[in-house]
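**Student:** Starting off with a structure, shown below.
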Amino acid sequence: MQSKPDGEFSPRQFIEEAVRQINRTVGAGEKVVCALSGGLDSTVVAFLLDRAIGERLVAIFVDHGMLRKGEAAEVTALCSNRLRGRFISLDARERFLKVLRGVTDPEQKRKIIGAEFIRLFKEKALSMGDIGYLAQGTICSDVVESGAGPGGAAIKAHHNVGGLPAELGFKLIEPLRELYKDKVRLVGEELGLSEAILRRQPFPGPGLAVRIIGEITAAKLTILQEADAIFCEEVATAGLSEKLWQYFAVLTGVRAVGIKDGRRHYGEVVALRAVTSTDALTAGWAQLPGALLEKVSQRITAEIPAVSRVVYDITSKPPGTIEWE
Ligand code: XMP
């Protein structure tokens, strides 16, 4: 299922072809389980499947605790409404923290999160019976960066690419594998997804786990979620959300001296990252207004006791990557 070159892409035709393809693949009595992250890609996949096979879809959302502040609740509200009885939400926050205890290597974090995800899915899906397929929101840039594309060298192990179906026991459906994000957005629009989902920033499967340098703990997750929420709020207030590809906070693992309430304070360093891009393969650091950065810095250091300092990342991709890990 090849998308046409830029300018010729028809989301309607893509949907019709994807629906036909899903129906050709999935037998009449078979069910498909969809790994729903609440991001654009997996939501588009869920709604494509909803259109293709209706009641035979089961969408499972795993809250691994590495999501942005308030996002799990948002996803649950949104999907339980549109997908009704076919949407299952699993609270696995404790379980993920446990398997990630002591892990500091980013690729290890990805692998552990990917494996735990699959284990949970398998447990849940097997308990439901009749499920033959797993549908995922893998898109073209995931495939390219995992080195799974032709002649590719692995940059990062995207947990949703390659190697999983065999251990899962499910056959894999990836309707968006040949599309880049801009096309996925057009397909989502055509499927009538809400603006909130269409505008949601790309978010890595391992989530905040790759935005906390070093070991992940519940306390660090809370600090990062709070800092990230302040940054997102201020970017939205400044009316800049639409102009940016991704913007987020990173807990750098570095500590620095600051002054709080007139006293020396040795606290966490938060980095802000904002980039412009069209496909995530290359990206430019966003030249955000100084006043916005200053406001964010003031709010983060004032509202989050553990943070002493805020820095802004001015590295483009390449040579950097969008995420820090
Ligand atoms: P990088 O950091 O490689 O990111 O420039 C490119 C795009 O991919 C996202 N990303 C991931 N997505 N699993 C994912 O599903 C991952 O492990 C992962 N790592 C990075 C990143 O947010 C950006 O949009």
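**Student:** Can you give me the Cα centroid spacing of the stretch 28-66 and the stretch 256-292 in angstrom?
**Tutor:** Measuring centre to centre over Cα atoms gives 35 Å.
**Student:** How big is the convex hull of the Cα atoms of the stretch 30-108, per residue, in Å³?
**Tutor:** Here the figure is 114 Å³ per residue.
**Student:** Which of the lysines could be linked to Lys122 by a straight reach, that is with a Cα gap under 25 Å, when you skip same-chain ones fewer than 8 residues away?
**Tutor:** Output for Lys122: Lys31, Lys98, Lys109, Lys111, Lys156, Lys171.
**Student:** Here's something else I'd like to know. Normalised by the number of residues in the chain, what is the relative contact order in percent for Cα pairs under 8 Å and 6+ residues apart?
**Tutor:** RCO, the chain: 16 percent.
**Student:** Stokes-Einstein D for the stretch 158-268 at 37 °C, 0.692 mPa s, Kirkwood Rh over Cα pairs, in µm²/s?
**Tutor:** Rounded, D is 188 µm²/s.
**Student:** Using modelled backbone amide H atoms (1.01 Å from N, in-plane), which distant-in-sequence or interchain residues come within less than 5 Å of Ser10's amide H?
**Tutor:** Here Lys4 satisfy the definition.
**Student:** Just in the stretch 9-80: which GluC sites (Glu not before Pro) are loop by DSSP and have at most 14 other Cβ atoms within 10 Å?
**Tutor:** Glu30
**Student:** Using 0.36 nm times the number of residues separating Thr282 and Ala219, minus their current alpha carbon distance, what extension gain do you get?
**Tutor:** Net length gain for the segment: 19.4 nm.
**Student:** Rg to Rh ratio, the chain, alpha-carbon atoms and Kirkwood radius?
**Tutor:** Result for the chain is an Rg/Rh of 0.97.
**Student:** For the residue pair Glu94 and Arg119, what label-to-label distance in nm results when each label sits 7 Å from Cα along the Cα-to-beta-carbon direction?
**Tutor:** Each label point is offset 7 Å from its Cα along the Cβ direction, giving 1.5 nm.
**Student:** What does the C-alpha gyration tensor say about the overall shape of the stretch 211-312? Classify as rounded when a/c is under 1.5, otherwise prolate if a/b is larger than b/c, or oblate.
**Tutor:** Taking the square roots of the gyration eigenvalues as a ≥ b ≥ c, the stretch 211-312 is prolate.
**Student:** In the stretch 175-277, with Lys and Arg counted as +1 and Asp and Glu as -1 at Cβ, which of these residues, Trp245, His265, Gly188, has the Cα nearest the positive end of the dipole, that is, farthest along it?
**Tutor:** It is His265.
**Student:** Another question, then. When the chain is fully extended, how far beyond the present Cα-Cα distance does Tyr266 get from Met128, taking 0.36 nm per residue of separation?
**Tutor:** Between Tyr266 and Met128, full extension yields 44.6 nm more.
**Student:** What order do you get for 92-98, 246-252 when each peptide is scored by the mean count of other beta carbon atoms within 10 Å, highest first?
**Tutor:** Going from most to least packed, we get 246-252, 92-98.
**Student:** Order the peptides 259-265, 188-194 from the highest to the lowest mean number of other Cβ atoms within 10 Å of their residues.
**Tutor:** Order by mean packing, descending: 188-194, 259-265.
**Student:** Okay, helix-only estimate at 222 nm for the chain: each DSSP H run of n ≥ 4 adds -39500 (n - 2.57), divide by all residues, round to 500 deg cm²/dmol; what do you get?
**Tutor:** Roughly -12000 deg cm²/dmol at 222 nm, from the helical runs in the chain.
**Student:** Also: What whole-number volume per residue, in cubic angstrom, does the convex hull of the C-alpha atoms of the stretch 11-198 give?
**Tutor:** Considering the Cα atoms of the stretch 11-198, their hull volume per residue is 121 Å³.
**Student:** Pop out the ³J(HN,Hα) list for the stretch 108-124 in order, Karplus 6.51 cos²θ - 1.76 cosθ + 1.60 with θ = phi - 60°, rounded to Hz; leave Gly and Pro as x.
**Tutor:** 5, 4, 4, 5, 5, 5, x, 5, 5, 4, 5, 4, 4, 4, 4, 3, 5
**Student:** What is the gain in length, in nm to one decimal, between Thr315 and Glu190 on full extension, counting 0.36 nm per residue of separation less the C-alpha to C-alpha distance?
**Tutor:** Between Thr315 and Glu190, full extension yields 41.5 nm more.
**Student:** Could I ask something else about it? To the nearest 20 debye, what is the magnitude of the charge dipole of the stretch 278-322 about its Cα centre, counting +1 on the Cβ of each Lys and Arg and -1 on the Cβ of each Asp and Glu?
**Tutor:** Rounded to the nearest 20 debye, it is 80 debye.
Every number in this text was worked out from the coordinates using simple rules, so none of it is lab data. Model, not experiment: these values are computed from the prediction. With ideal geometry, Cβ positions are generated from the backbone for all residues, glycine too; neighbour counts draw on all protein chains shown.
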